[in-house]
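Have a look at the structure below before the remarks.
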Amino acid sequence: MRINIFGSTGVIGKKTLSLIDKHFPDLNVGLLCAKSNLKLLIKQIKKYQPKYAFLYEHEKLSNFDYKIGKTKFLNLYELKSFLSSSKSDLSLLAISGYKSLYFLENIIKNTDNLGIVSKEAIVSGGHIFKKKNYFNKTNIFPIDSEHFSLFEFFNKINTETEIKKIILTASGGPFYKKKFSSLKNIKFEQAIKHPKWKMGYKNSIDSATLVNKCLELIEAHYLFDIPFNQMEILIHPEALVHSIVEFDNYVTQFNLFHNDMNIPILNFLNLTKIKYKYNDNRYFIAKYRSLNFKEIKDDVFPIYKFFNNINKKKPENLIKFNIGNEFAINLYKNNKIKYTDIYKIIKKVTSLNLYSSLNTIKDIIQYHEEIEKKLFNFKV
């Protein structure tokens, strides 16, 4: 069996390759894709010897041999051609940001099973995928913990009892005990220190602001066809219960597993013929003495109230919310704005009056690019 990995040098990509090393030696790596980390990508190529590799920042290859051993570097056109003309058993899409949309249509055509950790692509393109039945053209396997827990739930549920509400939980990040107004001078290094998960900087910042949960509500809406008015968020600092399902017969089900991304990744890799059982006594529930749940306070996470008031029937509002967040995080990372300015920028960008038909993936990418041009001289 063969796997293609998009985002091989990121946290999820590295974890996946490590698990393949330990437990799936017969799973061949056919393609490794990375954004900019050429040094690590070369190490991965030498170890896993894929047939092809791709670096998004292609200019870094200008003084570099385009082959390493039997591995050939593809440009963007060659990558799309390869995906359109070949077939893989598994693909992992773990690219942060909307630019994963450049690949998503071709990946869906190329693979039998798609493990997806790119919420921005679903947020921006979900309405297209639903309209054109893309989700039915391959087996979509969500790897984000919350959506993985719902995926497992919906695959195993056998009841006629109607679901009343779906609750996604949030750890609250590093600042859930602090008022948002007190965080103005929080440094980037503080904001990316997630108390439970080891993630890339963007996901870590999104967790701190609670934007990640807003995006995950959109993702859940598209992946599982759940109405927005049937979903909520609760703070759950232990990060063990990843989603909660309330039924109309007053029964509530907790979907719980240890806060370890190896678990959803292993379940995805278990789609291969060789299945690995994850035996680890760290995960006995008796170890945990209490589980806490807290309602979200407006003065701690103001973004949640703003998100709830957005007209979500218009995909452009969800896309602008997503774009504003990506733009603000890049400014914050480069020390151009304060932490609390992230929220202000998201509000301003979401309010921009820019219409587009948004009927194709190309439309969505152009819409992103048009807004990015408008933001070039943006001031808070």
Response to the item:
Considering residues that are crowded, with 22+ Cβ neighbours inside 10 Å and assigned to a loop (DSSP other than H, G, I, E, B), the number found within segment 1-12 is 4
Discussion item. Exactly one of these conditions fails for residue 204: (1) open to solvent by 40 Å² or more (accessible area, probe 1.4 Å); (2) touching a helix residue (DSSP H, G or I) at 6+ places or on another chain (Cβ under 8 Å); (3) within 30 Å of residue 311 (Cβ to Cβ); (4) among the polar types (S, T, N, Q). Give me its number.
Written reply: (1)
Worksheet item: Can you pull out the residues in segment 196-231 that are touching a residue at least 40 places away in the same chain (Cβ under 8 Å), over 19 Å from residue 97 (Cβ atoms) and part of a helix (DSSP H, G or I)?
Response: 220, 221, 224, 228, 230
Worksheet item: Is segment 295-304 home to any residue that is loosely packed, with under 15 Cβ neighbours inside 10 Å and touching a strand residue (DSSP E or B) at 6+ places or on another chain (Cβ under 7 Å)?
Response: yes
Worksheet item: Is it true that residue 20 is under 22 Å from the mean Cα position of the chain (by Cα) and closer than 22 Å to residue 123 by Cβ?
Response: no
Worksheet item: Looking only at residues in segment 222-237 that are of a type outside the set (Val, Ile, Thr) and touching a strand residue (DSSP E or B) at 6+ places or on another chain (Cβ under 7 Å), which one is farthest from residue 193 (Cα to Cα)?
Response: 230
Worksheet item: Hey, among the residues in segment 31-78 that are aliphatic (A, V, I, L, M) and in contact with a Pro (Cβ under 6 Å, 6 or more places away or on another chain), which one's farthest from residue 2 (Cα to Cα)?
Response: 32
Practice prompt. Just give me the residues in segment 108-120 being part of a helix (DSSP H, G or I) and surrounded by fewer than 24 Cβ atoms within 10 Å (Cβ to Cβ), in sequence order.
Written response: 108, 109, 110
Discussion item. Tell me the residue from 143, 167, 192, 163 that is within 25 Å of residue 331 (Cα to Cα) and of a type outside the set (Ser, Thr, Tyr), please.
Written reply: 192
Response to the item:
Within segment 353-377, restricting to residues that are more than 24 Å from the chain's Cα centre (by Cα) and open to solvent by 50 Å² or more (accessible area, probe 1.4 Å), the one that is farthest from residue 209 (Cα to Cα) is 357
Practice prompt. Would you mention how many residues in segment 311-337 are touching a helix residue (DSSP H, G or I) at 6+ places or on another chain (Cβ under 8 Å) and surrounded by fewer than 17 Cβ atoms within 10 Å (Cβ to Cβ)?
Written response: 4
Worksheet item: How many residues does segment 334-374 hold that are among the small types (Gly, Ala, Ser) and closer than 15 Å to residue 318 by Cβ?
Response: 2
Discussion item. Suppose we keep only residues that are touching a residue at least 40 places away in the same chain (Cβ under 8 Å) and aliphatic (A, V, I, L, M) within segment 4-53. Which one would you say is nearest to residue 272 (Cα to Cα)?
Written reply: 27
Discussion item. Looking at segment 121-180 only, could you name the residues that are farther than 16 Å from residue 212 by Cα, open to solvent by 40 Å² or more (accessible area, probe 1.4 Å), not in a helix (DSSP H, G or I) and not β-branched (Val, Ile, Thr)?
Written reply: 132, 133, 137, 139, 158, 160, 162, 164, 165, 177, 178, 179
Worksheet item: Where residues in segment 192-201 are more than 28 Å from residue 245 (Cβ to Cβ) and not small (Gly, Ala, Ser), which of them is surrounded by the most Cβ atoms within 10 Å (Cβ to Cβ)?
Response: 192
Item to complete: Could you please let me know if residue 189 is part of a helix (DSSP H, G or I), surrounded by fewer than 20 Cβ atoms within 10 Å (Cβ to Cβ), acidic (Asp, Glu) and out of contact with any Ser or Thr (no Cβ under 6 Å at 6 or more places or on another chain)?
Response: yes
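The values are calculated or read from the model by the stated rules, or taken from the named source; none is laboratory data. Given the structure is predicted, the values throughout are model-derived calculations rather than measurements. Methodologically, a virtual Cβ is constructed for each residue, glycine included, from the backbone with ideal geometry; neighbour enumeration extends over all protein chains shown. Ligands, DNA and RNA are excluded from the accessible area calculation, which covers all protein heavy atoms including side chains. Shrake-Rupley method; radii C 1.70, N 1.55, O 1.52, S 1.80 Å.
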